[in-house]
Each structure stands twice: as C-alpha cells, then as structure tokens.
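Please read the structure below before turning to the comments.
The values are calculated or read from the model by the stated rules, or taken from the named source; none is laboratory data. All figures in this text were calculated on a predicted structure; none of them were measured in a lab. As a convention, Cβ positions derive from the backbone with ideal geometry for all residues, glycine included, and neighbour counts pool all protein chains shown.
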Amino acid sequence: MHAPPPTPADIRRAIRNVPDFPKPGIQFKDITPVLADPGLFGGSVAWLADPFQPGQVDAVVGIDARGFIFAAAVALRLRAGMVPVRKKGKLPFDTFEQSYALEYGQSTIAIHVDAFRPGSRVLLVDDLLATGGTAQAAAQLVEQAGGRILGIHFLIELGSLEGRKKLPGRPIRSLVVFAD
C-alpha cells in the first residue's frame, strides 16, 4: 500500500528556517529536508508539474542553482527537455543575458541563444520566489530565446516581499507561501 501524497502543510513543516544565513537578518528557507525525503520530494515535483501532462510542455526551465533540482525532475515527469538559466559566464555557448537588481547591487543571468525552437511551450520552475527579480529576468530570457511561458511555478513564496508584482499577467503558482 502506498502512502498518501504529501500535503502542502507536510512540505511546509519540512522546510527548515535558518536564521541569519547567509548574512544577518536573512531567514533562509532550507529545502534539503524536503529533498532528503522521497515522499516529500516526489510530492513537490508532482505539484510543480501540475496541471500539465506529458506532451503539453516542450521544455522546463530551471534557475541557477536550486531550481535545477526541481526543474530536472519536473522535466522527466513531463517528458520534456530541461533548460538551465545560469549566472553570467557559466554557459559554454552563445547566450542572451539579462541583468536585474538585487538588494545590494546587480546580477546577470543567461540562457543559450538556441535553447528553444520558436514558440516552444515552457514551464519555468524555481525553488523560491522572493523579490521577483530573478524570475522576471528569467522570464524575459525565455521569451527572448523564443519560448512561450505557460506557467511559473515555485516551491516556496515569501509573500511579504511581493515578488509576484514583478511578474504581472503571468500564471504563477506557489506550493508553500510564507507570509513573513
């Protein structure tokens, strides 16, 4: 007999809060307990893939670095390709690049110029939606490379940071939302 699939509450309970990491004042959401539990990890992947079925998505895009873990598993589940969005200078071929604001400074991410065929159906997956800058930049890269975003799915959303506001008009889903 199989155990029932985990609920969002089960997954939320497994996410460990690590105060003052990587710097004072940050409440880091540690997903490693979710990854270590096959039921929670599998349930998370199933939720991130939902509502899509195999054949409905051409590529799953994962954002450097924890997003790769979930995007690869979701891509396998949906029988789709997996495309990485990486930090500038980490991809070996010609890239499109997009800069975005961080709390202190800027960062730049990149995607290969040939990541998609024009009009490819794309699901963008990441572990965390915070201020939305990285997701916004990744979405712009997907579209610049010829992809059509069907959805943007996150394991965790930090609701108080209002990252959704940087992704207007985009279909966004978050499994676990922390209000603070």
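Looking at the range 1-33, which of its residues are surrounded by 17 or more Cβ atoms within 10 Å (Cβ to Cβ), in contact with a Leu (Cβ under 8 Å, 6 or more places away or on another chain), more than 15 Å from Ala71 (Cα to Cα) and in contact (Cβ under 8 Å) with a residue 40 or more places away in the chain? If the condition is that a residue be surrounded by 17 or more Cβ atoms within 10 Å (Cβ to Cβ), in contact with a Leu (Cβ under 8 Å, 6 or more places away or on another chain), more than 15 Å from Ala71 (Cα to Cα) and in contact (Cβ under 8 Å) with a residue 40 or more places away in the chain, then Ile11, Lys29 are the ones that fit. Taking the range 114-136, which residues are without any contact (Cβ under 8 Å) to a residue 40 or more places away in the chain and in contact with a helix residue (DSSP H, G or I) (Cβ under 9 Å, 6 or more places away or on another chain)? Ala130, Thr131, Gly132, Gly133, Gln136 - these are the residues of the range 114-136 that are without any contact (Cβ under 8 Å) to a residue 40 or more places away in the chain and in contact with a helix residue (DSSP H, G or I) (Cβ under 9 Å, 6 or more places away or on another chain). Pairing each residue of the range 38-67 that is without any contact (Cβ under 8 Å) to a residue 40 or more places away in the chain with any residue that is crowded, with 19+ Cβ neighbours inside 10 Å and not in a helix (DSSP H, G or I), provided the two are 6+ apart or on different chains, yields C-beta distances under 6 Å for Gly39/Pro6; Leu40/Pro6; Gly43/Pro6.
Please state which one of Ala101, Ala110 is touching a Gly at 6+ places or on another chain (Cβ under 6 Å), part of a strand (DSSP E or B) and of a type outside the set (D, E, K, R). That would be Ala101, the only listed residue that is touching a Gly at 6+ places or on another chain (Cβ under 6 Å), part of a strand (DSSP E or B) and of a type outside the set (D, E, K, R). Picking from residues in the range 13-29 that are of a type outside the set (A, V, I, L, M) and part of a strand (DSSP E or B), the one that is modelled with the lowest pLDDT is Gln27.
Within the range 40-72, the set of residues being among the charged types (D, E, K, R) and either part of a loop (DSSP other than H, G, I, E, B) or under 18 Å from Phe116 (Cβ atoms) (or both) comprises Asp50, Asp58, Asp64. Going by the structure shown, is Leu91 buried (at least 16 other Cβ atoms within 10 Å of the Cβ), assigned to a loop (DSSP other than H, G, I, E, B) and not aromatic (Phe, Trp, Tyr)? Yes; evaluated as a whole, the condition is true for this residue. Applying the condition of being within 19 Å of Phe68 (Cβ to Cβ) and without any contact (Cβ under 8 Å) to a residue 40 or more places away in the chain to the range 138-153 and asking which residue is surrounded by the fewest Cβ atoms within 10 Å (Cβ to Cβ) yields Ile149. Just one of the numbered conditions (1) surrounded by fewer than 17 Cβ atoms within 10 Å (Cβ to Cβ); (2) modelled with pLDDT under 95 is not true of Leu76: (2). Is there a residue in the range 97-110 that is over 14 Å from the mean Cα position of the chain (by Cα), crowded, with 17+ Cβ neighbours inside 10 Å and free of Cβ contacts under 8 Å to residues at least 40 places away in the same chain? Yes, the conditions are met somewhere in the range 97-110.
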